[in-house]
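Q: Could you have a look at this structure, given as structure tokens, before my questions?
The values are calculated or read from the model by the stated rules, or taken from the named source; none is laboratory data. On a predicted model such as this, the values are computed, not experimentally measured, just so you know. Quick reminder, even Gly has a Cβ in these numbers, built from the backbone with ideal geometry, and neighbours come from all protein chains shown. Heads up: the accessible areas ignore ligands, DNA and RNA and are worked out on the full protein's heavy atoms, side chains in. Shrake-Rupley method; radii C 1.70, N 1.55, O 1.52, S 1.80 Å.
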Amino acid sequence: MSFDIQILDGILGTPRFDTFRFRDNNPIADRTKWRLLSKPNPPMREIHRRFRSIITYDFSVVSEEYTSAYYCAVKHAENRFFYQTDLKHAYQSVRAEPMVAALRRYHADWNAADLDRFLRIYCFAQTGGLIVGAPASPDLFRIYAEEYLDNPLMKIWLWERFERGVYEAKQYTRYCDDLTFSSSKPIPASLRRRLRTTIEAAGFTVNDRKTVVADLKRDNRVVICGIGLAWRPRHPARVFLPRHYLKKIRGALHLAFTGKAHIGRERLEGMWNTFSNIMWHNERPKTEDGLLRLNATETKLWKLYHEYSARHPRKLAR
């Protein structure tokens, strides 16, 4: 079966990407970096829309548990020992041939040569790796990472405890290119080396600057994808937002009131949902009416958001 005909049929114009520099501000991790992004023109965007409609339908949809920084952090709240690392140039590390093999596991009728040609023309950069900014790149990276990274790592991480005959409560999460392993028992160096070797075997490079080995009790706090965990004896860790994140939300809301918001409504709601989820997760004391007891800073932020929501209600889709 020829693959690209169904995707390219009826496309008018010459599909292309326009490259530009983008200042990426991560409000959770409080990091800013310049990225080289590629913006698709309308014909290219339509090709990616059609392609995504196929792969997101045929491949399992990732739950919020794996696409939210909050849920990634919460999964580790009951453990004490951590090994965290980061993939360097994750998109650029994806290779076309393994990508074809991963996609054809679910679509054996797709012609490998046609699929390879399509991916190299429309989804991969000339220098190699997925195009940063291409609409289908996040979906393709997820499929690739699940096949060649998550599955092998989970096999080592979860089954290793049985090999040693020791019971441990273990968790593994990957939020984009951030990997976190946690355990109720210390994580030996030999196991960390096995995990690193598996990551490198998948074609990725470990970012040593962002690799952390932590003991929550000793260090008092661990930060996962920008979400903090604080040690509590005999209880799961307290989940918290760093102060800079609260300032980002407050600043964004003030700008939204003046019509000068530098972020869209969807991103603002995402930031607020992270704050709200953490407030409820920690089982804070509640009033007789069932409302959370908040401190002064949280109360101001809560009132500001609801004032903003009342003034700018969300439009319901028809």
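Q: Can you list residue pairs whose Cβ atoms sit under 9 Å apart, with the first residue in region 48-64 being at pLDDT 90 or above and the second being of a type in the set (G, A, S) and in a loop (DSSP other than H, G, I, E, B)? Count only pairs 6 or more apart in sequence or on different chains.
A: H48/A134; H48/A136; R49/A136; F51/A136; R52/A136
Q: Something else about it: Would you be able to tell me the number of residues in region 124-141 that are in contact with a Phe, Trp or Tyr (Cβ under 8 Å, 6 or more places away or on another chain) and closer than 14 Å to Q92 by Cα?
A: So the count comes out to 8.
Q: Taking only pairs six or more apart or across chains, which ones have beta-carbon atoms under 6 Å, a first residue in region 91-120 that is of a type in the set (A, V, I, L, M, F, W, C), and a second residue that is open to solvent by 50 Å² or more (accessible area, probe 1.4 Å)?
A: A96/R120; W110/R104
Q: If you scan region 111-163, which residues turn out to be assigned to a loop (DSSP other than H, G, I, E, B) and of a type in the set (V, I, T)?
A: Matches in region 111-163: T127, I131, V132.
The rows are residues; the columns are (1) of a type outside the set (V, I, T); (2) open to solvent by less than 60 Å² (accessible area, probe 1.4 Å); (3) under 20 Å from the mean Cα position of the chain (by Cα); (4) modelled with pLDDT of 85 or more.
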| residue | (1), (2), (3), (4) |
| --- | --- |
| D215 | yes, yes, no, yes |
| C225 | yes, yes, yes, yes |
| W231 | yes, no, no, yes |
| V239 | no, yes, yes, yes |
| K248 | yes, no, yes, no |
| I263 | no, yes, yes, no |
| T274 | no, yes, yes, no |
| E288 | yes, no, no, no |
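Q: In region 114-156, how many are among the hydrophobic types (A, V, I, L, M, F, W, C), surrounded by fewer than 20 Cβ atoms within 10 Å (Cβ to Cβ) and out of contact with any strand residue (DSSP E or B) (no Cβ under 7 Å at 6 or more places or on another chain)?
A: Of the residues in region 114-156, 3 are among the hydrophobic types (A, V, I, L, M, F, W, C), surrounded by fewer than 20 Cβ atoms within 10 Å (Cβ to Cβ) and out of contact with any strand residue (DSSP E or B) (no Cβ under 7 Å at 6 or more places or on another chain).
Q: For a quick check of your reading of the model, give me the residue pairs whose first member lies in region 291-310 and is under 12 Å from H254 (Cα atoms), whose second is open to solvent by 70 Å² or more (accessible area, probe 1.4 Å) and assigned to a helix (DSSP H, G or I), with beta-carbon atoms closer than 6 Å and at least 6 apart or on different chains.
A: Once the first residue is under 12 Å from H254 (Cα atoms) and sits in region 291-310, its partners that are open to solvent by 70 Å² or more (accessible area, probe 1.4 Å) and assigned to a helix (DSSP H, G or I) give L301/R250.
Q: Taking A73 and the conditions (1) surrounded by 13 or more Cβ atoms within 10 Å (Cβ to Cβ); (2) among the small types (G, A, S); (3) at pLDDT below 90, which numbered condition does it fall short on, given that it satisfies the others?
A: (3)
Q: Something else about it: Please work out which one of (1) modelled with pLDDT of 95 or more; (2) more than 13 Å from P138 (Cα to Cα); (3) not aliphatic (A, V, I, L, M) is the condition Y91 fails and give its number.
A: Of (1) modelled with pLDDT of 95 or more; (2) more than 13 Å from P138 (Cα to Cα); (3) not aliphatic (A, V, I, L, M), only one is false for Y91: (2).
Q: Can I ask one more? Working only within region 174-190, note down all residues that are touching a residue at least 40 places away in the same chain (Cβ under 8 Å) and under 22 Å from R218 (Cα atoms).
A: L179, T180, F181, S182, S183, S184, K185, P186, I187
Q: So, one more: Regarding region 148-160, can at least one residue be identified that is within 30 Å of H48 (Cβ to Cβ), over 18 Å from the mean Cα position of the chain (by Cα), modelled with pLDDT of 90 or more and not small (G, A, S)?
A: Yes, region 148-160 has at least one match.
Q: Name the single residue, out of those in region 184-201 being at pLDDT below 95 and buried (at least 18 other Cβ atoms within 10 Å of the Cβ), that is nearest to P236 (Cα to Cα).
A: The qualifying residue nearest to P236 (Cα to Cα) is I187.
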